[in-house]
Amino acid sequence: MKKQTKNIFVLEVYEFAPCERRAYQVYKERWSRCAGPCALTWQTKVGYFETLRDAENNIKKIVRRKRDDVYGFVIKEMPRDCVVNAYAPLSIRRYLNDGSLWCTGSDKTAKFKEGDFVEIAYDDYAELGIVQGFDNAAGSYTVVACNIDEKGHTEFCSRLCDATYVLPPSFPVQKKYAAALRRVLKQAKKESADELPF
């Protein structure tokens, strides 16, 4: 009889939303929580595996199909036989759409520097942002995103993001969004400096 492992590995597969252009967009209808440039994604598959290796082998099988709608993969290690918080896994590993390991929850190394364009990955969209800084101790980025209203005005919104949720851009960053993000980064840095006590 096969011995059960203490933990299970949950594989989540994310794809770009169907019928969407492969470019960042601002969704004026605002049904998405994102008010700035983003790409819509959705979780399409979930698998449960006894080993990390089995979960990673399934990523390889999906990648071999060479589908262009795959956004990426997440493997969460969860304890078996107990009630758990789905947002607090024992470990987390994120893979890019080519199946390569991008980051683990224990990775405290910066992959981006200030001014780099990045995506913040959520369950149903990937928000375009720009890096303001990295906290080595916490393994987290401060990312500045921009909200764009119906008249085209922008305002900045700073987000503190665990490194496993900050990814390279999936598409080329359009000039208008690049310019807007650079402007809001300057604004965010100025406001941060104004808050210093000296």
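Some observations on this one:
- Within the full protein context, the accessible area of Phe117 is estimated at about 40 Å² for a probe radius of 1.4 Å.
- For the stretch 170-184, 3J(HN,Hα) computed residue by residue from phi via the Karplus equation (6.51, -1.76, 1.60; θ = phi - 60°) reads 7, 10, x, 7, 4, 4, 5, 6, 4, 5, 5, 5, 5, 5, 6 Hz, glycine and proline entered as x.
- For q = 0.16, 0.22, 0.24 Å⁻¹, Debye-computed log10 I/I(0) when each Cα of the stretch 91-182 counts as one equal scatterer: -0.64, -1.13, -1.30
- Calculated over the chain: convex hull of Cα atoms, volume per residue (Å³): 146 Å³
- Whole-Hz ³J(HN,Hα) from phi, Karplus 6.51 cos²θ - 1.76 cosθ + 1.60, for the stretch 116-124, glycine and proline x: 6, 7, 9, 10, 9, 8, 10, 5, 10
- Looking at the stretch 75-141, the pairs of alpha carbons with a distance over 15 Å make up 65% of the total.
- Shape of the stretch 29-83, Cα gyration tensor, a/c cut at 1.5: oblate
- Rolling a 1.4 angstrom probe over the stretch 61-129 with all protein chains present gives an accessible area of which 50% lies on carbon and sulfur atoms.
The values are calculated or read from the model by the stated rules, or taken from the named source; none is laboratory data. Note that this is a predicted model, so its numbers are computed, not measured. These accessible areas exclude ligands, DNA and RNA; they are computed on the full protein's heavy atoms, side chains included. Shrake-Rupley method; radii C 1.70, N 1.55, O 1.52, S 1.80 Å.
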